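What follows is one structure encoded as structure tokens, with my remarks underneath.
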Amino acid sequence: MKIVLASDHGGINLSKEIADLLTELNIEFEDIGCNCADSVDYPDYGIPAAEKVANGEADRGILICGTGIGMSIAANKVKGIRCALVHDVFSAKATREHNDSNMLAMGERVIGPGLAREIVQTWLGTEFLGGRHANRIGKVADYENK
Ligand code: RB5
């Protein structure tokens, strides 16, 4: 599995933590920035990351900003993206099982590194349940494709 990782200036510390985690787990990833302390605009990183997932360059994506909200809003504008804003382990599991989320957004100003690591490991390790949940995400895709 290949992951694309992106953050704005508000998420650089947590992004580094997640990069370390992916390295420890021996999971291939591409970090597309910002890796900067200067103020940047989250869509400039979140949208290119989402496009990489949508076009198959990456299997899944992890986005981090101050709250995770801006990144998740931006990513969900890209066709085919189901980006979940998650700050607890229960939701990390549920959004894989029920929503087949292909991107995860978190806020560095909301949670600490230990919880973020658990969320990422849970999200990466949980499979989509399909069935009725596939019908539901299919309805979202139908709307997107109209
Ligand atoms: C940057 O100050 C902050 O607005 C951004 O990281 C994010 O939280 C936006 O949703």
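A short reminder: the numbers here are calculations on the coordinates, not readings from a lab. This one's a predicted model, so the numbers in the text were calculated from it and none came from an experiment. Note that we place each Cβ from the backbone using ideal geometry, even for glycine, and neighbour counts take in every protein chain shown.
Could you work out the local net charge near Met71, counting Lys and Arg as +1, Asp and Glu as -1, over the other residues with Cβ closer than 12 Å to its Cβ? Kindly include the intermediate steps, with their values, before the conclusion.
Details: positive: Lys77; negative: Asp8, Asp41, Asp44, Glu108.
Result for the neighbourhood of Met71: -3.
What FRET efficiency comes out for Leu115 versus Asn55 if R0 is 35 angstrom and r is the Cβ-Cβ distance? Round to the nearest 0.05.
Numbers: r = 31 Å, r/R0 = 0.89.
Result of the calculation: an efficiency of 0.65.
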Handout entry: Label-point separation in nm, Lys2 to His133, each point 7 Å along Cα→Cβ
Key = 2.6
Fill in the blank from the handout: In whole angstrom, the spacing between the Cα centers of the stretch 39-56 and the stretch 67-146 equals 15
Problem - Cα long-axis angle, helix 43-54 against the chain (0 to 90 degrees, to the nearest 10) - result: 40
Exercise for the section: For the stretch 57-132, state which GluC sites (Glu not before Pro) are in a DSSP loop and have at most 14 other beta carbons lying within 10 Å of their beta carbon. Expected result: Glu57, Glu127
Exercise for the section: Show that you can apply the helix-only estimate: for the chain, add -39,500 (n - 2.57) for every DSSP H stretch of four or more residues, divide by all residues, and state [θ] at 222 nm to the nearest 500. Expected result: -14500 deg cm²/dmol
Exercise for the section: Using only alpha carbon pairs under 8 Å that are at least six residues apart, calculate the relative contact order of the stretch 10-92 and give it in whole percent. Expected result: 28
Fill in the blank from the handout: In the neighbourhood of Glu97 defined by beta carbon distances under 13 Å, the net charge of the other residues (Lys, Arg +1; Asp, Glu -1) is +3
Problem - Per-pair calculated FRET efficiency, R0 = 22 Å: Asp41 and Asn13 via Cβ, rounded to 0.05 - result: 0.75
Completion exercise
Between Glu30 and residues 5 or more places away or on another chain, the pairs with built amide H atoms under 5 Å apart involve Ile3, Val4, Leu5
Practice task
Decide, for the stretch 1-75, between rounded, prolate and oblate: order the square roots of the alpha carbon gyration tensor eigenvalues as a ≥ b ≥ c, take rounded if a/c falls under 1.5, and otherwise choose prolate if a/b is larger than b/c, else oblate.
Solution key: oblate
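Determine the relative contact order of the chain: mean sequence separation of Cα pairs under 8 Å and six or more apart, normalised by residue count, in whole percent.
Numbers: 285 pairs, mean separation 35.3, N = 146.
Reported relative contact order: 24 percent.
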Handout entry: Ranked by how many other beta carbons lie within 10 Å on average, peptides 79-87, 46-54 from highest
Key = 46-54, 79-87
Exercise for the section: Under 20 Å Cα to Cα from Lys2, which lysines show up? Leave out anything in the same chain fewer than 8 places away. Expected result: Lys16, Lys52, Lys79, Lys93
